[in-house]
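Comments concern the structure below.
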Amino acid sequence: MSSENGKRLPETDAAGLNYEATELTLGLPGKSRVTSDGGARVGSKRGFSETVDLSLGEKKDSNKLGQTQTQSQIDAREAAKSPGSKAQVVGWPPVRGYAKRGKKSCKYVKVAVDGAPYLRKVDLDMYNTYQQLLTSLEDMFSCFTIRNFLNEKKMEQVNGIEYVPTYEDKDGDWMLVGDVPWQMFAESCKRIRLMKNTETAELAPRTPPKWSRRS
Amino acid sequence: MMNYFPDEVLEHVFDFITCHKDRNSVSLVCKSWHRIERYSRRRVFIGNCYSISPERLIARFPGVKSLTLKGKPHFADFNLVPYDWGGFVYPWIKVLAETGIGLEELRLKRMVVSDESLELISKTFVNFQSLVLVSCDGFSADGLAAIAANCRFLRELDLQENEVDDHRGHWLSCFPESCTSLVSLNFACLKGEVNLGALERLVSRSPNLKSLRLNRSVPLDTLQKLLMRAPQLVDLGIGSYVHDPSSEASNKLKHAIQRCKSIMSLSGFLEVAPRCMSAIYPICGNLTTLNLSYAPGIHGNKLTKLIQHCRKLQRLWILDCIGDKGLGVVASTCKELQELRVFPSDPFGAGNDAVTEEGLVLVSAGCPKLNSLLYFCQQMTNAALITVAKNCPNFIRFRLCILDPVRPDPVTNQPLDEGFGAIVQSCKRLKRLSLSGLLTDQVFLYIGMYAEQLEMLSIAFAADSDKGMLYVLNGCKKLRKLEIRDCPFGNAALLEDVGKYETMRSLWMSSCEVTLGGCKTVAEMMPSLNVEIINESDQTEFNLDDGQKVDKMYLYRTLVGHRKDAPESVWIL
């Protein structure tokens, strides 16, 4: 028997159960659920804010081989795309390898380095981590040194010039590489620019990007 | 009477018993059977690599030739486990190498496999034949190169869904000219380029090659050449399938495919131009397995037309862009269907109504042999589940994932207790169940009552109280793996029957109500369990008070006590 509103939920039903908690909201049911026998609730489903991993940058970092578990971390990538959709819950839906399934083509982006006479292109799908990407960029532009927050102390500056990796995102803003989880970055990156450190000297962050905090 | 037979006779009889569960039973009959069985055991399966040590493995089964190991808990697939949690294979390889075991086959799932491990395998085990890695990580093309170069009798290299750093390095060209023994080569999950010439030569000199799964970088013209050289293939994974249907390349491909009369399994299409699907129609009639779950480019009419050619299909993996109507086509075409997996093509999309309960009902009505299901959908109703349960009483695996994890029946607004209840009551052979949607304690009452064969249960965002978990622990006698997230189960449920956990492989509970004190109690009462607390917050101190709720707990039975390789984020009580 369907309700007259089709797929909309009523506030309560005939049995007097409280369905407020099951009302479609942007989040999961909060703590105010009452059991059907009206008895004391032992526990509750977790509230929305506890479940959603809002600190998106707090992701597992590369191990020494530059591997991370990249796919399926629920982040707000799609939320950014479709306004009004709910923020995501970590590990839900339980699907592995989404990143590979959803891809329709490989993701080549231009890479510009200040001072280089020509640009290069890299396929972001080839990488799973920032470390892999930066290493690859270093290979491509081997005479330069890319500022690497991860190994800041170990970096050798070949010719004394450091470059800061930045990228242009879908909104057209120039962002520092490394603040968001890799997958989110790969989705929104349109082009990459390695900026000469002198330009960014004043802008160099005191707080390194989150992905580099753990080594 | 059997005791008076010489050992060789018993050993010969035991040779016919290959399933490891049966062999375990055989070994329990009496001391002499135990002795004979252990010396003749060649294949060993270890479901949790931390439940036993390599030394004890070898002590019991000195003749082991094939080893299967599983590492990380299942929820690691969904990023709920820290990447450095554990599951390293290297200690196993080291011990096997040092004790002179003649390892021939290694099958690993969710383990960390270093290049060092692969190199050690390739240089130590002279007769090594088969490497199967599923959902592993930690290795690069260098490790693969070592395997290719040094394993002279390699028959199988099967890489499934691994995270491999292969953007530098050519491993395929490391197979020597003398390597002609390949039967199975699967590198579909690799992202990098391979040496196409080396691939063609390798396939040319592998007359026994039956299974070949290519990655995205292998273009169409190479595919055509490979098929011309290997018309005996039984299992094919296509990499790139982009061509103009009217071109010469397309005609050559059609000709090559038509020669492959033995192909029964088809997958891949990682890059695809769907106009060209007609070239493969000639082989569709023989297919028993079709995996299009990595091919979002094939949808709509092209997809349904393709499926209409596949009348013998037994296993189908697809994306939900097939839609309910497309599932209707499956239902009317694939009468032999046993396993269906429908994956989300847009898991985080808002309101993309790809498949619903209607598609599932259609398939259940048209495919009575259906026994294994993984179904990601927008919504489900009790009525649909009850119908499915009636149509398909043979389910062994039933995994339903409603993309909104707490969505009730949209028609009645009721929880889905009755629907899942019908499934467990009807499907008496059900071994694996995953629940989703709005669920109360009631569904667990049904599961405890009816799911007598249940071995694995996955629960998320369900139940109202500890009663739910208790119904399951008390009722499901054959339960081996229980994984729970975001449910209101607390210490009362956890501590009710701690002995039960010794009869299971493992228990995972995250974002529930269990506290540190509760976990400590389990650990104290059951020294045969490792109780691990995983704490990934920036808080590095574990000075939490016992009343503190535990974010993630993973406990498992073990014969070898606490493991020594846990990272900082894991605390073993």
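Using the average count of surrounding beta-carbon atoms within 10 Å as a protection proxy, the listed peptides B:407-415, B:483-491 rank, highest first, as B:483-491, B:407-415. Mind checking the mean number of beta-carbon atoms from other chains within 10 Å of the Cβ atoms in B:285-295? The mean count of partner-chain Cβ atoms within 10 Å per residue comes to 1.
For chain B, hydrophobic long helices are taken as DSSP H runs at least 27 Å long by C-alpha position along their axis with mean Kyte-Doolittle hydropathy of 0.5 or more; none is present. Peptide B:79-89 has a mean of 4 when you count, residue by residue, the C-beta atoms of other protein chains within 10 Å of its C-beta. Reported to the nearest whole Å, the Cα centre-to-centre distance from the stretch B:107-121 to the stretch B:1-68 is 25.
Each label was represented as a point 7 Å from its Cα along the Cα-to-Cβ direction; for residue B:35 and residue B:11 these points are 1.3 nm apart.
Longer than 27 Å from Cα to Cα, which of B:191/B:325; B:254/B:325; B:21/B:70 are they? Say none if no pair is. Check vs 27 Å cut-off fails for B:191/B:325; B:254/B:325. Computed from label points 7 Å out along Cα-Cβ, the spacing between residue B:520 and residue B:244 is 7.4 nm. Taking the fewest neighbouring Cβ atoms within 10 Å as the starting point, the ordered list for B:512, B:401, A:189 is A:189, B:401, B:512. Residue by residue along B:404-415, Cβ atoms of other protein chains within 10 Å of the local Cβ number 5 on average.
Stretching the chain fully between residue B:325 and residue B:275 yields a gain of 16.0 nm (0.36 nm per residue, less the alpha carbon separation).
Using a cutoff of 8 angstrom between alpha carbon atoms and counting only pairs six or more residues apart, the relative contact order for the stretch B:238-307 works out to 36 percent. Computed on chain B, with alpha-carbon pairs under 8 angstrom and 6+ residues apart, the relative contact order is 6 percent.
Helical content of chain B, expressed as a calculated mean residue ellipticity at 222 nm, amounts to -9000 deg cm²/dmol (DSSP H runs of 4 or more residues, -39,500 (n - 2.57) each, divided by residue number, nearest 500).
With 31 Å as the limit on Cα-Cα distance, the pairs of A:170/B:109; B:252/B:335; B:72/B:94 that go past it are A:170/B:109; B:252/B:335. Can you work out the FRET efficiency for the pair residue B:177 and residue B:94, with r the C-beta to C-beta distance and R0 = 30 Å, to the nearest 0.05? The formula returns an efficiency of 0.45 here. Taking a ≥ b ≥ c as the square roots of the Cα gyration tensor eigenvalues, with a/c under 1.5 meaning rounded and otherwise prolate when a/b beats b/c, else oblate, which class fits chain B? Since a/c reaches 1.5 but b/c is at least a/b, the shape of chain B is classed as oblate.
Size descriptor for the stretch B:8-138, Kirkwood hydrodynamic radius: 15.6 Å (Cα pairs only, one decimal).
For the stretch B:9-69, applying the loop criterion from DSSP together with a ceiling of 12 other beta carbons within 10 Å to the chymotrypsin sites (Phe, Trp or Tyr not before Pro) yields B:16.
Every read-out reported here was derived from the displayed coordinates using simple, explicitly stated rules and does not represent laboratory data. The shown structure was predicted, so the numbers you read here are calculated from the model rather than taken from an experiment. Don't worry about glycine lacking a Cβ; one is built from the backbone with ideal geometry, like all the others, and counts go over all protein chains shown.
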